[in-house]
1. Excluding Arg246 itself, what net charge comes from residues whose Cβ is under 15 Å from its Cβ, given Lys and Arg +1 and Asp and Glu -1?
2. For Cα pairs less than 8 Å apart in space and 6+ apart in sequence, what is the mean separation divided by the residue count of the range 227-339, i.e. the relative contact order in percent?
3. Normalised by the residues of the range 156-225, what does the relative contact order come to in percent, with Cα pairs under 8 Å and at least six apart?
4. Under a cut-off of 19 Å between alpha-carbon atoms, report the lysines in cross-link reach of Lys425, not counting same-chain residues fewer than 8 places apart.
5. Could you work out the relative contact order of the range 125-242? I mean the mean sequence separation of Cα pairs under 8 Å and 6+ apart, divided by the number of residues, in percent.
6. If the reach is capped at under 21 angstrom between alpha carbons, list the lysines near Lys367, excluding any in the same chain fewer than eight residues apart.
7. Taking a ≥ b ≥ c as the square roots of the eigenvalues of the Cα gyration tensor of the range 414-483, is the shape rounded (a/c under 1.5), prolate (a/b larger than b/c) or oblate?
8. Under a cut-off of 16 Å between alpha-carbon atoms, report the lysines in cross-link reach of Lys43, not counting same-chain residues fewer than 8 places apart.
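No value in this document is a laboratory result; all are computed from the given coordinates. Computed from a prediction, not measured in an experiment: that's the story for all the values here. Backbone-built Cβ (ideal geometry, glycine too); neighbour counts: all protein chains shown.
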Amino acid sequence: MTRVQLITLAITGVLIAGGAGFLAGRQSRPAGPVPTQAEESRKVLYWYDPMVPGQHFTEPGRSPYMDMQLVPKYADEAGAGETPGVRIDAAKTQNLGVRLAKAVRGELPSALSTTGVIEFNERDLAVVQAKASGFVQRTYGHAPGDVVRAGAPLADLLVPEWAGAQGEYLAVRRTGDEALIRAARQRLQLLGMPPSLIANVDLSGRVRNVTTVTTPVGGAIKSLGVRTGMTVAAGQTLAELNGVSRVWLNAAVPEAMAGQVRLGQAATATLTAFPGEAFNGRVTAILPEAQAESRTLTVRIEMPNPAGRLRPGMFATVQFAGAPAPALLVPSEAVIRTGRRTLVMLGAPDGQFRPAEVRTGREAGGKTEILAGLSEGEQVVASGQFLIDSEANLSGVEARPVTTGSAPDATPTLVEGMGRIEEVKGDWITLSHGPIPALQWPAMTMQFRLADPTLARGFKTGDRVTFAFAQERAGPTVRRLQKAPVQ
């Protein structure tokens, strides 16, 4: 063999030997971490990806999310008989500023607070009309918006028709025939002459065919349709006046809270124009139609306005009076609203924390009513709960179901909303909805689960709809879906 052939054969032998060694090493290396004997004897609850702790797997292997080895979760990691949760030592708890509060029975004021606008009292409206055809000789300089007293002059009218009737009356009066005099006087009244003008003709014995039109009540001039030199017809409207001694306060009450308002209920209003001063009134009407966009009802409150300081268009904050009602209460700052569910963070003296799902009711005075999910005496985290909740999410801690510690409701409470369909996919629907006052949600676009996929049959993207949903463990679930009425 030549020298070149010998070198080629040697290099080939080295490569074959190296490849065989690499394959032997690869076959002998374990696929994952080799469990110790102590680990093999412990019970594994599930496997999970440390980067996605909420997703559990029944078998070991590699994570489909981060392509890393799944980690076992052992049954004894939480300790025998311990409640699942996260443990934080006392020093870290103090550094986080964690503060605990008990769920206690108390009285939640049923006072409802909302906003409203001052309006004219439409029951105190007067219309001034011409009682006969004539000509406007003079006006008195008033304009719409002026506030005038009762009996204020508006215009002087020349009525030619009255001149002949008054002349006949004076001629008949000179005859002394009482029957004819009464008939002639009655004719003057039927022609629309005011009693004051007839009395003036009687006293002076002269024809008075010019009359001054005055305001029957005091108030603000809403419209004025009389000008010097114009011709008016009998029955023509010359002016409209609205009294200001009593005004209406139209308050916008969220539909979900309308049941707390009743006729005759006392209400107190405060206005930025008069800081520190309260104005009292009573509910006189609850209008029958709700506002489709804001889902609010208009509640009419009548209020005295003797000095005329309450002016239509002013903005007011309204407080409705009500008797306190017993309830299970926690601080409002302890409640975590995620949009899909409502949580509180339970706290134990030994530093153990666990989220618990709750169902909330009314809110007032910094306290929130708990309808389900908590028992009296349980402690909740009132400060620093968001950091602990984040740690619980990273550790894959499951929230305690809402039915624990309280009796479950047979029928979920439905919340009304209105919005626009953005997408329908399977048993999910995406809606751009307006504000939902019952849950203190602002307007947003979010995904809802459909209780029945057939609810969305016949609907398409862009349709405006009204919907009702329940706050369930799986998230907000639409149970009723209808097309919104055309505005």
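1. It works out to a net charge of +1.
2. Values: 148 pairs, mean separation 34.4, N = 113.
The value is 30 percent.
3. Averaging sequence separation for qualifying contacts and normalising by length gives 47 percent for the range 156-225.
4. Those lysines meeting the cut-off are Lys460, Lys483.
5. On the way: 224 pairs, mean separation 57.6, N = 118.
Once normalised by length, the contact order is 49 percent.
6. List returned: Lys102.
7. oblate
8. Lys73
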